[in-house]
Amino acid sequence: MSPAQARAVRFDQYGDRDVLHVTDVPMPSPAAGELLVEVRAAGINPGEAAIRSGAMRERFPATFPSGQGSDLAGVVTALGEGVTDFGLGDEVLGFSWQRSSHATHVAVPVTQLIPKPDALSWEVAGSLYVVGCTAWAAVDAVAPKPGETVAVSAAAGGVGTVTVQLLAVHGAHVLGIASPANADWLTDHGATPVPYGDGLAEALTAAAPDGIDAFIDLFGPDYVQLAVDLGIPRDRIETIISFQKAQELGTKSAGSEGASTREVLTEMADHVASGRIEIPVAATYPLDRLRDAYAELEQRHTRGKIVLIP
């Protein structure tokens, strides 16, 4: 890689992870109001796999060749015209809406970056945006009050681990639906573990004899239907993934878009830096092993985040 080049993930057609490759690209040049960031860590997310496979082409179409990635943390190496919020060498975290963070360098609008707290490792900082802002939006959608009971599906996944802890910050009693292997983690983080599978409705009812006030689905449409069947008010059922089912049943489907602000990102970074919320890092991979990273992610049994280290 020459000084005028960067390396970035690309895919040229929809498909499985075999369509992903890393290639040399021209070094990005920050436009007015942008920073050039040398990426130190960039989380990967299920939504990126869904976009790459074509499963979300109606909602998030790709233009080929396509880049990939939203989460990022790194060091500022160049300033666009008019930027005064940051200086060269500053450590930042944030997000790209251009599907470009899975790279060694990325140009990012200053409005999508915040200073990286010293207490955050690169891996955690580079994983914060998608899980942090998505969890914030999901919790905001159900508006939990202290003492209320909220059930969460996929409670030990990337977004789930943060959602469970954010609900606890709000004073809610959390029923964390996950595999038995995650029971101890959920208990240690203030949730009541409920194993998924046969008899789930009965298990949830037994765990909350006074009723469930709200439900956050992080996995799929069956959980939205389950929440309705349990009698939970539809305006207090939120899904981040089952958009069609939400429309069909009249439940909520808030995503990270509305929470993608510096204010929300700063709030979530403060929670993590203070220790109120932990972001588990399940594994790290070099950029050249991104296919292996997605192979692990797509098993859907990972607790916490998988992170690329360019």
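Let me confirm something: among 36, 72, which residue is under 18 Å from the mean Cα position of the chain (by Cα), hydrophobic (A, V, I, L, M, F, W, C) and within 18 Å of residue 106 (Cα to Cα)?
Working: 36 fails: under 18 Å from the mean Cα position of the chain (by Cα).
Checking each option against the conditions leaves just 72.
Report, by residue number, each residue of the stretch 251-266 that is farther than 17 Å from residue 71 by Cβ, part of a helix (DSSP H, G or I) and charged (D, E, K, R). Break it down stepwise before answering.
From the stretch 251-266, those farther than 17 Å from residue 71 by Cβ are 251-254, 258, 263; that's our starting set.
Retained after the next criterion (residues that are part of a helix (DSSP H, G or I)): 258, 263.
263, the sole residue that qualifies.
Please enumerate the residues belonging to the stretch 204-245 that are farther than 23 Å from residue 166 by Cβ and without any contact (Cβ under 8 Å) to a residue 24 or more places away in the chain. Before the answer, list the steps.
Step one: list which residues in the stretch 204-245 are farther than 23 Å from residue 166 by Cβ, which gives 205-206, 209, 221-222, 225, 228-229, 231, 244-245.
Those that are farther than 23 Å from residue 166 by Cβ and without any contact (Cβ under 8 Å) to a residue 24 or more places away in the chain: 206, 209, 222, 228, 231, 244.
Would you mind telling me which numbered condition in (1) hydrophobic (A, V, I, L, M, F, W, C); (2) farther than 18 Å from residue 156 by Cβ; (3) surrounded by 20 or more Cβ atoms within 10 Å (Cβ to Cβ) residue 204 fails?
(2)
So which residues in the stretch 62-119 are among the polar types (S, T, N, Q) and in a loop (DSSP other than H, G, I, E, B), if there are any at all? Give the derivation first.
Narrowing the stretch 62-119 to residues among the polar types (S, T, N, Q): 63, 66, 68, 70, 77, 84, 96, 98, 100-101, 104, 111-112.
Across the stretch 62-119, the qualifying residues are 63, 68, 70, 84, 96, 98, 100, 101, 104.
When the residues of the stretch 155-186 are filtered to those that are surrounded by fewer than 24 Cβ atoms within 10 Å (Cβ to Cβ) and in contact with a Pro (Cβ under 6 Å, 6 or more places away or on another chain), which remaining residue is nearest to residue 239 (Cα to Cα)?
Here the residue is 170.
Tell me, yes or no, whether the stretch 280-295 has at least one residue that is part of a strand (DSSP E or B), open to solvent by less than 20 Å² (accessible area, probe 1.4 Å), over 23 Å from residue 187 (Cα atoms) and β-branched (Val, Ile, Thr).
Looking through the stretch 280-295, none of the residues is part of a strand (DSSP E or B), open to solvent by less than 20 Å² (accessible area, probe 1.4 Å), over 23 Å from residue 187 (Cα atoms) and β-branched (Val, Ile, Thr).
Taking interchain pairs and intrachain pairs at least six residues apart, which have beta carbon atoms under 8 angstrom, with the first residue in the stretch 5-23 and free of Cβ contacts under 8 Å to residues at least 24 places away in the same chain and the second in a loop (DSSP other than H, G, I, E, B) and buried (at least 16 other Cβ atoms within 10 Å of the Cβ)?
Here the result reads 5/27, each pair linking the stretch 5-23 to a residue that is in a loop (DSSP other than H, G, I, E, B) and buried (at least 16 other Cβ atoms within 10 Å of the Cβ).
Taking the stretch 207-245 as the search range and keeping residues that are in contact with a Ser or Thr (Cβ under 6 Å, 6 or more places away or on another chain) and open to solvent by 50 Å² or more (accessible area, probe 1.4 Å), which one is nearest to residue 191 (Cα to Cα)?
Result: 213.
Sort out which residues of the stretch 50-64 are in contact with an Asp or Glu (Cβ under 9 Å, 6 or more places away or on another chain) and open to solvent by 10 Å² or more (accessible area, probe 1.4 Å), and write them in order of number.
53, 64
The values are calculated or read from the model by the stated rules, or taken from the named source; none is laboratory data. Note that the coordinates shown come from a computational prediction; the quantities given were computed from them, not determined experimentally. As a convention, Cβ positions derive from the backbone with ideal geometry for all residues, glycine included, and neighbour counts pool all protein chains shown. Side chains included, ligands, DNA and RNA excluded: accessible areas come from the protein's heavy atoms. Shrake-Rupley method; radii C 1.70, N 1.55, O 1.52, S 1.80 Å.
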